[in-house]
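Everything on this sheet refers to the single structure shown next.
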Amino acid sequence: MTAPVQTTASSDATGLSTSQGAMLVAKREIVTTARSKAYIWGLIVTIAVIVLVIGGQKLLGSLFASAAGVNSDERVVTTLDTEQLKQVGIDAERVDSVEQAIEKVRAGDAGSAIVSGAEASGATLYDDSGEQVQFTGEEPVVVLAKDGTPHSIIDALTIAPATAMVDEPDTELSPMVTYVAGIFLGMIFMTGVVGYAARIAQNVVEEKASRIVELLLVTVRPRTILAGKVIGGTVLAVVQVAAVVIAALATLAATGQLSGGDFGDPGALTVGLIWFAVLFVVGFMLFAALYAGVASTVSRPEDVPSATSVLTFVAMVPYILVIMFNTNQTVLTWLSYIPISSPVAMPLRLFAGTAAWWEPLLALTVLVATTVLFLWLGARIYENTVLRSGRVKLKDALQEA
């Protein structure tokens, strides 16, 4: 029987500084993965699916509405001369007063109304943000609508009109929108963690099985290797998340769903996505360190899924819980402070406008503190098991010196 393999790396690995070694390992991880066809095609397919889903649902909605004969949004009423409007391609129904025009729009009998500025100056109207707007009466034309802005009518007019809404807009997102947003953010976080953190775990075991890690340890320390892998994996994951978010926003803008208010206030959406990116980076590092540490406790690539199964389940928790409780503000508030779910729950609350400005800062502080703890934990496990053969219990890995 052979003698047991040394369980910890030598402390003489000082060929490179810690930062140089970590960046060298990170570069190796990024270049190796980015050159693989699986990564490239996976990124292309993911972006294509996002574009098709967002663009397709808008197209299907328009087709179904057309097939069902839903054309009230195209009806226009006006207090102005209908013959002049016909000359610019607008077929409008004449009404006697601005009050009648507003009532028809409010009741859904017409999609928009065209009135003069003098008539609009005496009516109670609102802008897109919900603030009451008061016209001076000098505006030549005012276009009124119930929800959003009737771009087709505005584009048809030969002069730039003022616009307003007949009712104060509802600033709260509909349950369906929050549900879709929860699925979108949860799916990105879960696939990012499971996809790239699991890739890190697989690479750890492959290097261990092929003994490449022994060559690396001649130059750099175990903790440096782990740091490089976490950095490299984070960069790759962020690239995919950024590509998906940009593709989603571009598709929403191209289909008119962003400016049309279908997904709420564009400003709140932007803030939510920025915070999602920040929290995602920190949250991914937490999982990446744990995946790498736990994977180092086994020696065969086929054992990685079973060793990391608990972590995979934990990564799915925010996706499941945020979908289940996306309309329950109490539960969603608690989820926005729990480290494993805050990268999804907090941006969703910001998106809906239910979180105060200081709340994401507090959530980030909690997440950073937790991530530092788990980075230390993952590094300790990796350092104590990376040179050991066979399967090592986590209890033993933590207790080894």
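Based on other C-beta atoms within 10 Å, arrange Leu362, Leu375 from fewest to most.
With the fewest neighbours first, Leu362, Leu375 line up as Leu362, Leu375.
Stretched out fully, how many nm does the piece from Val177 to Glu214 gain, at 0.36 nm a residue minus the Cα gap?
Computed gain between Val177 and Glu214 is 8.2 nm.
Please rank Leu373, Leu249, Leu226, fewest neighbouring Cβ atoms within 10 Å first, as an exposure proxy.
Leu373, Leu249, Leu226
Output the 0 to 90 degree angle, nearest 10, between the alpha-carbon long axis of helix 342-352 and the longest principal axis computed from the alpha carbons of the chain.
Value to nearest ten degrees: 10.
Could you sort the peptides 31-43, 153-165 by per-residue average Cβ neighbour count (10 Å cutoff), highest mean leading?
Final packing ranking: 153-165, 31-43.
Kindly express, to the nearest 10 degrees and within the range 0 to 90, the angle between helix 18-34's C-alpha long axis and the longest C-alpha principal axis of the chain.
60 degrees
Listing Val88, Val304 from the residue with the fewest other Cβ atoms within 10 Å to the one with the most, what is the order?
Val88, Val304
Using 7 Å Cα-to-Cβ label points, what is the Asn328/Ser389 separation (nm, one decimal)?
Here the modelled spin labels are 5.1 nm apart.
Considering only lysines 8 or more places apart in sequence, or on different chains, count the pairs in the chain whose C-alpha atoms sit under 25 Å apart.
The result is 14.
Which is farthest toward the positive dipole end of the chain among Gly272, Val142, Ser116, measuring Cα position about the Cα centre, with Cβ charges +1 (Lys, Arg) and -1 (Asp, Glu)?
Gly272
Multiply the residue separation of Asp109 and Ser299 by 0.36 nm, subtract the distance between their alpha-carbon atoms, and state the gained length in nm to one decimal.
Between Asp109 and Ser299, full extension yields an extra 61.4 nm.
What residues of the stretch 34-50 lie in the reach of a label at Glu206, counting those whose backbone N is under 18 Å from a point 7 Å from the Cα along Cα→Cβ?
Only 34-43 fall inside the zone, counting backbone N under 18 Å.
Show me the GluC sites (Glu not before Pro) within the stretch 70-171 that DSSP assigns to loop and that have at most 10 other Cβ atoms within 10 Å of their Cβ.
Of the GluC sites (Glu not before Pro), the ones in loops of the stretch 70-171 whose Cβ has at most 10 other Cβ atoms within 10 Å are Glu131, Glu138.
Taken together, the values in this text are just the output of simple stated rules run on the coordinates, not laboratory data. Just so we're clear, the structure is a prediction, and the values are computed from it rather than from any experiment. Here the Cβ is made from the backbone with ideal geometry for all residues, glycine too, and neighbour counts use every protein chain on show.
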